[in-house]
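A quick write-up on the structure given underneath.
The values are calculated or read from the model by the stated rules, or taken from the named source; none is laboratory data. Because the structure is a prediction, the values reported are computed rather than measured. Cβ: placed from backbone, ideal geometry, glycine included. Neighbour counts: every protein chain shown.
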Amino acid sequence: MAIYEDLEQKIVLITGGSGDLGRAMAVELAKQKAKIYFTFNSSEEAANETVRLATEAGGSAVARKCDITSKSAVTELIDAIAESEGRLDVLVNNAGIYKDNLFQSMTDEEFEQVIQTNLFGTYYCTKAAVHHMTRARSGSIINISSISGLTASFGQSNYSAAKGGIQAFSRTIAAELAPKNIRVNTVAPGLIDSVMVKRIPRNIMKQTLSAIPLGRLGQPDDIARVVAFLASDDSAYMVGQTLVADGGLLMR
């Protein structure tokens with residue numbers, strides 16, 4: 001495990017910290033001795049598990065229930081963290097949902113809910129965080145996208161639109177915020193061993209695995225380590241980039 005000494009005591013907010021990816025990020029950054037806050041929306045039990053694992057990793061994590069589709073709720077949360085800690089150093093926009101369906105069968109609600117959570121949620125959190133990072137003239141924002149935002153993803157027109165939007169959004173605000181010493185970058189995971197991927201039918205999964213040069217699914221820890229790198233000063237000259245972590249899948 002890479003050790004990023006500059007992450008010690010940095011104030012980090014991770015959205016969606018009770019899911020597979022968010023939990024791995026919280027644990028990895030807890031190992032780096034960062035001070036972790038994370039949001040969850042429904043399962044308090046899952047949130048408590050993230051807190052437990054972060055503590056066992058030698059750090060700490062604080063769970064905050066928050067609906068990231070509510071601009072007022074997001075702003076209140078981020079303002080409270082920044083006021084309590086004196087700053088917010090790192091924001092990881094990880095929370096997201098999926099509601100897959102073929103386009104002709106997709107309902108307006110399925111499309112709108114995914115866009116509202118994945119894209120608007122990222123916007124609301126970033127808007128609130130930048131207010132404080134601008135004052136400090138320092139910060140790292142890491143937006144979690146997907147390879148679905150880079151290539152055709154059957155049955156995911158809503159998800160692909162949101163994740164592709166996150167990448168375009170990130171590049172543009174990266175250019176605007178870099179002069180203020182706020183770095184914005186994106187991570188685009190491939191197929192990660194998570195609840196979402198486990199719902200893929202076995203025959204389709206077998207075909208997909210054969211197309212991944214590494215021959216395996218990614219693990220949440222694979223993405224968490226990329227996030228830790230982008231949060232650290234080791235990536236200080238990286239701005240507006242999309243790091244693809246997909247085992248080589250897009251090469252095919």
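Brief remarks follow.
- Residue within the range 128-138 that is free of Cβ contacts under 8 Å to residues at least 24 places away in the same chain and more than 29 Å from Ile11 (Cβ to Cβ) present: no
- If you go through the range 229-241 and keep only what is of a type outside the set (A, V, I, L, M, F, W, C) and out of contact with any Leu (no Cβ under 8 Å at 6 or more places or on another chain), you end up with Asp233, Asp234, Ser235, Tyr237, Gly240, Gln241.
- Residue check for Glu83: charged (D, E, K, R), farther than 29 Å from Gly248 by Cα, part of a helix (DSSP H, G or I) and in contact (Cβ under 8 Å) with a residue 24 or more places away in the chain: no
- When each of Lys35, Lys31 is tested for being surrounded by fewer than 24 Cβ atoms within 10 Å (Cβ to Cβ), in contact with a strand residue (DSSP E or B) (Cβ under 7 Å, 6 or more places away or on another chain) and not polar (S, T, N, Q), the lone residue that passes is Lys35.
- Residues that are without any contact (Cβ under 8 Å) to a residue 40 or more places away in the chain, of a type in the set (A, V, I, L, M) and assigned to a loop (DSSP other than H, G, I, E, B) do occur in the range 47-68, at least one of them.
- Checked against (1) surrounded by 15 or more Cβ atoms within 10 Å (Cβ to Cβ); (2) at pLDDT 95 or above, Glu83 passes all but a single condition, namely (1).
- Residue selected from the range 215-241 under the condition under 17 Å from Gly19 (Cβ atoms) and aliphatic (A, V, I, L, M), by the criterion surrounded by the most Cβ atoms within 10 Å (Cβ to Cβ): Val227
- The requirement of being touching a residue at least 24 places away in the same chain (Cβ under 8 Å) and assigned to a helix (DSSP H, G or I) is not satisfied by Asn101.
- Residues considered: Lys127, Lys99. Of these, the only one that is under 20 Å from the mean Cα position of the chain (by Cα) and under 24 Å from Arg23 (Cβ atoms) is Lys99.
- Annotation: of all residues in the range 128-147 being buried (at least 22 other Cβ atoms within 10 Å of the Cβ) and hydroxyl-bearing (Ser, Thr, Tyr), the one that is nearest to Leu7 (Cα to Cα) is Ser140.
- Members of the range 38-50 that are surrounded by 21 or more Cβ atoms within 10 Å (Cβ to Cβ) and either of a type in the set (A, V, I, L, M) or farther than 22 Å from Val114 by Cα (or both): Ala47, Thr50
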